[in-house]
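Accompanying notes for the structure given below.
The values are calculated or read from the model by the stated rules, or taken from the named source; none is laboratory data. Nothing here was measured: the structure is a model prediction, and the numbers come from that model. Methodologically, a virtual Cβ is constructed for each residue, glycine included, from the backbone with ideal geometry; neighbour enumeration extends over all protein chains shown.
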Amino acid sequence: MPDPFDSILYQYVYCTLSSTDDVACVGSGLFGGGLLPGGLEWLAYVLTAVTIVAVLINAILGGVLMMIWGERRLLGRFQGRTGPNRWGPFGLLTPIADAVKTMFKEDVMPTVSDRLVFTAAPILMLFPALLIYAVLPFGAGTWLADINVALLFIIAIGGANVLAIVAAALGSGNRYAMFSAMRSVAMLISYEIPLVISLIGVLMLSGSLSLVAIVNAQTLPFFIVQPLGFFVFLVASMAELNRTPFDVAEAESEIVAGYMTDYSSMKFGLFFLSEFAATIATSGVITAVFLGGWHGFDPIPSQIWFIGKMVAVLAVIVWIRASWPRLRIDQIMNFAWKALFELTLINLVVSGILLLIWPSPSTTELWYMAGINWVVFLASIYIFGKVLGPKHDPVKAGNIQPDVTLSDSDAPALPTGGGD
């Protein structure tokens, strides 16, 4: 089991509270007698956990508010608008105004709803998004927990959103909500498969499911070595997050507001919070797995590097939202099964062959692998784009006139007038 003292967060808080003469505390220079009397090390342990979790949750809430503001500002720039600029300097207080407005809205519940399920669904949606942060390494020695199956834990927790979506639809008793929930379940299950398979190449290179071990194994960021896996993981993650262009579950023109149609006040706010918290968490996973995590250049702290990479991933996600229209549900399902699934298999086979050639690749050999994988990536994208892309119809394009000749009998009859 990993030593909790490997985390500087745990070490600092515990050694400040406890009066123990633990070697880890004394050796770190943080031992100063402790704030609690001797013999209460168990209380120091509990208070350490509560303090770190409280700080992390409040940081998540602050990050969600900043992302809401940042996304609106970016979308304003992309669309030639100013963006939020009324509340506070540069509109910084706009997310807070939205939160206050949401809290004071009337909480309406349909008469045909299952009250228990209807109320539990937003909570079920929020918990998985928060649990992912427990295993995210935000910097060197900066994490809540380093478990040796962290990546498997994230995949399992992320799949729990399906239960929350179905509960929201069943609890509301709305046919539009159920239609949206069935769409979401089909889409989430379809994209979960390529998402998981795209990580196998990373696991073969790092030899571990621990996010800390994966970050430490990246002498070369894995998005360079595994471009196809990175592409599939990014696209599948956006589908899992219900982000544009995959937001068919909330297609206002078709099914009102999806499984959230009957929700209002803070119940709706929890769905909104969950979506943005999960988006930030996913950007953190992408940063740790593919972008080298906290690795960077001195003297910039490792935590700043990690957060900066997360912000860059979030900017790309917003950029895609501003650039692409919503896809149809048949296009989304075809893309999952006819493109992403096959791309992950190609990546898996090529990665396996390269690791047979270089079982323990050095940095130079990683560059060789990267060159081969980029050729495979570009060729695969080109071929699948040609096969699955829109077919060129010269008649519709206007390059060729249709060879149709109308006879006199086929010509439409002209009006002959009439009346008096």
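Can you run down the residue pairs with Cβ atoms below 7 Å, 6 or more apart or on separate chains, where the first is in segment 243-271 and in the same structural domain as ALA322 (by TED's automatic domain parsing) and at positive phi and the partner is at pLDDT below 65 and not in a loop (DSSP other than H, G, I, E, B)? Within 7 Å, the pairs are GLY258/GLU250. Would segment 99-108 turn up any residue that is buried (at least 18 other Cβ atoms within 10 Å of the Cβ), in contact with a helix residue (DSSP H, G or I) (Cβ under 9 Å, 6 or more places away or on another chain), closer than 29 Å to PHE138 by Cβ and β-branched (Val, Ile, Thr)? No, segment 99-108 has no match at all. Looking across VAL108, VAL100, one residue alone is in a loop (DSSP other than H, G, I, E, B) and of a type in the set (A, V, I, L, M). It is VAL108. Pairs are defined by a Cβ separation below 9 Å, a sequence spacing of at least 6 or placement on different chains, a first member in segment 42-59 that is more than 22 Å from LEU136 (Cβ to Cβ), and a second member that is of a type in the set (Gly, Ala, Ser) and surrounded by 12 or more Cβ atoms within 10 Å (Cβ to Cβ); the pairs so defined are LEU43/SER18; ALA44/SER18; ALA44/SER19; ALA44/GLY34. Taken over segment 50-99, residues that are of a type in the set (D, E, K, R) and within 18 Å of ARG243 (Cβ to Cβ) amount to 3.
Considering segment 33-51, and only residues there that are in contact with a Leu (Cβ under 8 Å, 6 or more places away or on another chain) and modelled with pLDDT of 75 or more, the residue that is farthest from GLN11 (Cα to Cα) turns out to be LEU43. A Cβ distance below 9 Å, combined with a sequence gap of six or more or placement on separate chains, defines the contacts here; from segment 274-303, residues that are more than 21 Å from GLY158 (Cα to Cα) reach residues that are charged (D, E, K, R) in the pairs GLY292/LYS309; TRP294/LYS309; GLY296/LYS309. Output yes when any residue across segment 271-280 is of a type outside the set (Lys, Arg), surrounded by 18 or more Cβ atoms within 10 Å (Cβ to Cβ) and not in a helix (DSSP H, G or I), and no when none is. No, segment 271-280 has no match at all. When segment 255-270 is filtered for residues that are at pLDDT 75 or above and not small (Gly, Ala, Ser), the ones remaining, listed by number, are TYR259, MET260, THR261, ASP262, TYR263, MET266, LYS267, PHE268, LEU270. Residues in segment 231-254 that are surrounded by fewer than 21 Cβ atoms within 10 Å (Cβ to Cβ), of a type in the set (A, V, I, L, M, F, W, C) and either within 12 Å of PHE179 (Cβ to Cβ) or at pLDDT below 65 (or both): ALA251 alone. Got at least one residue in segment 335-352 being assigned to a helix (DSSP H, G or I) and at pLDDT below 90? Scanning segment 335-352, I find no residue that is assigned to a helix (DSSP H, G or I) and at pLDDT below 90, so the answer is no.
Against the list (1) under 18 Å from the mean Cα position of the chain (by Cα); (2) crowded, with 18+ Cβ neighbours inside 10 Å; (3) free of Cβ contacts under 8 Å to residues at least 24 places away in the same chain, the condition SER206 fails is (1). Reported count of residues in segment 162-180, each being of a type outside the set (Ser, Thr, Tyr) and at pLDDT 85 or above, is 10.
Per-residue answers, yes or no, for (1) outside any loop (DSSP other than H, G, I, E, B); (2) at pLDDT 85 or above; (3) touching an Asp or Glu at 6+ places or on another chain (Cβ under 6 Å):
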site	(1), (2), (3)
CYS25	yes, no, no
PHE31	no, no, no
ALA59	yes, yes, no
LEU75	yes, yes, no
PHE90	yes, yes, no
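Somewhere in segment 157-164, is a residue buried (at least 16 other Cβ atoms within 10 Å of the Cβ) and within 28 Å of ILE304 (Cβ to Cβ)? Yes - at least one qualifying residue is present in segment 157-164. Pairs needed: first member in segment 366-382, assigned by TED's automatic domain parsing to the domain that holds THR219 and closer than 10 Å to LEU354 by Cα; second member anywhere, in a helix (DSSP H, G or I) and not aliphatic (A, V, I, L, M); C-beta distance under 6 Å; at least 6 residues apart or different chains. Partner pairs satisfying both residue conditions: ASN373/PRO227.
Within segment 354-363, restricting attention to residues that are surrounded by 10 or more Cβ atoms within 10 Å (Cβ to Cβ) and free of Cβ contacts under 8 Å to residues at least 60 places away in the same chain, the residue that is nearest to PRO227 (Cα to Cα) is LEU354.
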